[in-house]
Amino acid sequence: MPRLILEAMKRRTVVASVIALRGIEDLAFAQNKEKQMYGLIGKMIAQEGKLDELLAIMLGDSAPLAGCLSYVIAKDPADANGLWITEVWDSKDSHAASLALPAVKKMIAAARPLIAGFSNRTETIPVGGQGLKG
């Protein structure tokens with residue numbers, strides 16, 4: 001075959017491959033869009049003088065949880081007993097399932113007596129950001 005025909009066939013093959021890959025990406029994006037990420041941001045208030053003990057429990061030996069993309073605990077600089085918890089999950093179902101795990105139940109049971117209350121609980125729909133694929 002003449003060289004020009006071979007080159008044209010190669011270009012068509014490359015173009016067809018790119019189009020096929022783009023279609024796969026679009027399909028994956030559409031499926032991911034249907035399964036929204038789930039976020040939760042809330043403030044936890046420790047009993048007076050129990051913040052460090054509560055943090056030790058919450059940050060203790062925790063294995064990775066299926067579906068948990070981010071879990072951050074931060075001290076509130078304006079409240080000596082306040083903690084902000086920011087969670088991102090691949091779905092609301094994954095978050096709910098985590099609450100049924102024995103290790104999570106054990107952590108909650110240990111932490112409960114050290115918690116004075118909660119405030120500012122907000123559910124979110126994360127769409128991306130540093131460390132997250134959107």
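The values are calculated or read from the model by the stated rules, or taken from the named source; none is laboratory data. Remember, predicted model here, so these are calculated numbers, not experimental data. All Cβ positions, even for glycine, are placed from backbone atoms using ideal geometry, and neighbour counts span all protein chains on display.
Hey, among 101, 65, 59, which residue is touching a residue at least 12 places away in the same chain (Cβ under 8 Å) and in contact with a strand residue (DSSP E or B) (Cβ under 7 Å, 6 or more places away or on another chain)?
Numbers: 101 fails: in contact with a strand residue (DSSP E or B) (Cβ under 7 Å, 6 or more places away or on another chain); 65 fails: in contact with a strand residue (DSSP E or B) (Cβ under 7 Å, 6 or more places away or on another chain).
Selected residue: 59, the only one of 101, 65, 59 that is touching a residue at least 12 places away in the same chain (Cβ under 8 Å) and in contact with a strand residue (DSSP E or B) (Cβ under 7 Å, 6 or more places away or on another chain).
So, residue 50, is that one modelled with pLDDT of 95 or more and touching a Leu at 6+ places or on another chain (Cβ under 7 Å) or not? Let's see the steps before the verdict.
On the way: modelled with pLDDT of 95 or more: yes; touching a Leu at 6+ places or on another chain (Cβ under 7 Å): yes.
Yes; evaluated as a whole, the condition is true for this residue.
Identify, by number, the condition in (1) at pLDDT 95 or above; (2) assigned to a strand (DSSP E or B); (3) within 10 Å of the chain's Cα centre (by Cα) that residue 70 doesn't meet.
(1)
As an exercise: evaluate residue 61 against (1) modelled with pLDDT under 95; (2) of a type in the set (Asp, Glu); (3) within 21 Å of residue 128 (Cβ to Cβ) and give the number of the one condition it does not meet.
(3)
Out of (1) more than 16 Å from the chain's Cα centre (by Cα); (2) surrounded by 11 or more Cβ atoms within 10 Å (Cβ to Cβ), the odd one out for residue 90 is which?
(1)
How many residues, within segment 93-134, are modelled with pLDDT of 95 or more, surrounded by 13 or more Cβ atoms within 10 Å (Cβ to Cβ) and part of a loop (DSSP other than H, G, I, E, B)?
Going through segment 93-134 one residue at a time, the tally reaches 1.
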